[in-house]
1. Run through segment 289-392 and list the trypsin sites (Lys or Arg not before Pro) located in a DSSP loop whose Cβ has at most 16 other Cβ atoms within 10 Å.
2. Could you tell me what % of all Cα pairs in segment 163-250 have separations over 21 Å?
3. Quick one: 3J(HN,Hα) in Hz for segment 236-247, Karplus 6.51/-1.76/1.60 with θ = phi - 60°, rounded, Gly and Pro as x.
4. Setting aside same-chain residues fewer than 8 positions from Lys64, which aspartates and glutamates have a Cα under 18 Å from its Cα?
5. Among Asp26, Asp95, Asp227, which one moves the most in a GNM of the chain with springs linking Cα atoms closer than 10 Å?
6. Need the full-extension length gain, Val382 to Leu202, defined as separation in residues times 0.36 nm minus the C-alpha distance. One decimal, nm.
7. For the chain, build the charge dipole from Cβ charges (+1 Lys, Arg; -1 Asp, Glu) around the Cα centre, then report which of Phe381, Gly136, Leu37 sits farthest towards its positive end.
8. Subtract the Cα-Cα distance of His359 and Phe99 from 0.36 nm times their separation in residues, and report this length gain in nm to one decimal.
Amino acid sequence: MADIPMRATMGAATQARSAKRLLFIDNIRWTMIILVLSMHASDTYSPFGNWYYTDRQAMGLGAKLFFGVYQSFLQAFFMALLFFIAGYFSAAAYDRKGFSPFVRDRFIRLGLPTLLYMLVIGPLTQYFLSRTWGTGGFLHQWLLHLQDGEWLSETGPMWFCAVLLLFSVIYGLIRLRGWNEPRIELGNKGRDSLSIAAFIALMAASTFVVRIAVTEDASVLNVHPGDFPQYALMYTAGAFGYRGGWIMGLSERVCILWASATLTAAVPLFAALLLFGGALSGQTAQYVGGFNPVSAGKCLWEALVCVGMGLLLLAVYRRNFDRQNEGARWLSDNAFGVYLIHPPILIGFAILLQGLTLHPVAKAAVLTLLAAIGSFAASAFVLRKSPLRRIT
């Protein structure tokens, strides 16, 4: 069975409301995984973001603008969309399994891969590739890693699975108390549009409020609390969406209409934030939070992009990509393995490319391609042929 975002997150795709398999969801999922690779490749060369290994050189304003726009744009929607799909299929899985099997399955499919990364893949990457650990040998540093509790922050990209496990347990406990999501039907264009507008406003407002107290760049156990409102709301919307059949029931016209409106509005808002928020002069403090109009505008921009891109991808993939050939099925089967194993592979290729003289944007594109080829191959020919197959 093909994995859905982060394997466990969407392992119930075949149990969706429709008898027809939601192949377009599988295709959205592996597309997002490739975007994750491109984000980390960009982190390697751009002046923005955090990553294990960086190869940052002087670059012109054009390259800085490209990386800033591209990384901000991706960050605004791609992980949130995975949380939405995860919520959708979590509701289906709980309906089938009940509390104990549901939670046990989530611990196996989310918790075990996360622990594997925290205790093995992450430390090996830190020591042998990114060389961010101290001296004394790997075993010495690994024992210190366990003793001082640093391993709790070593989730790397698996922070997604850690947060999703938390959301899943909370969801399971709520369902255990006898509560089910009300069935909210779609079909009334005016009401549907009002609901979308209210959801955007709620996402923007709640994110802004949280970032007054905790800035976007603050990290707790490798998770950014400033992004939590977006992720929690999208997961919740996914659970409600399953009950109401939103993925198949939301009309294409409404999706395209709202995607066009939100993404069109996001363009001048982003330009205004760039021109008047201080970025061009290197003043970026207000973007990450606090009680100020720049933070409020950025939170609104993120909500517009998040919802707009989610609706656009839903409409486009549902219409044009609700099918798979052998290649797409292979990509789906290996997507979670790629997510788990890609950091050391991407860093290894980045080290090999270190001496290559190339524009940083082009270099990030080359690194994305090489990391995708290497990571999918490692998943298909190593992980999925090993005892780890069950959790990858």
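1. Working: sites: Lys298, Arg318, Arg319, Arg323, Arg329, Lys363, Arg384, Lys385, Arg389, Arg390; in loops: Arg323.
Counting only loop positions with at most 16 other Cβ atoms within 10 Å, the trypsin sites (Lys or Arg not before Pro) in segment 289-392 are Arg323.
2. Numbers: 1648 of 3828 pairs.
Here the tail beyond 21 Å accounts for 43 percent of pairs.
3. Here the 3J(HN,Hα) series is 5, 4, x, 5, 5, x, 4, 4, x, x, 5, 4 Hz.
4. Output for Lys64: Asp43, Asp55.
5. Highest fluctuation of the listed residues: Asp95.
6. On the way: separation 180, 0.36 × 180 = 64.80 nm, distance 4.39 nm.
Gain on stretching Val382 to Leu202: 60.4 nm.
7. Phe381
8. Numbers: separation 260, 0.36 × 260 = 93.60 nm, distance 5.20 nm.
Using 0.36 nm per residue and subtracting the Cα-Cα distance, I get 88.4 nm.
A short reminder: the numbers here are calculations on the coordinates, not readings from a lab. Just so it is clear, the model here is predicted, and its values are computed rather than measured. A quick note on method: Cβ atoms are made from the backbone with ideal geometry, for glycine too, and the neighbour counts reach across all protein chains shown.
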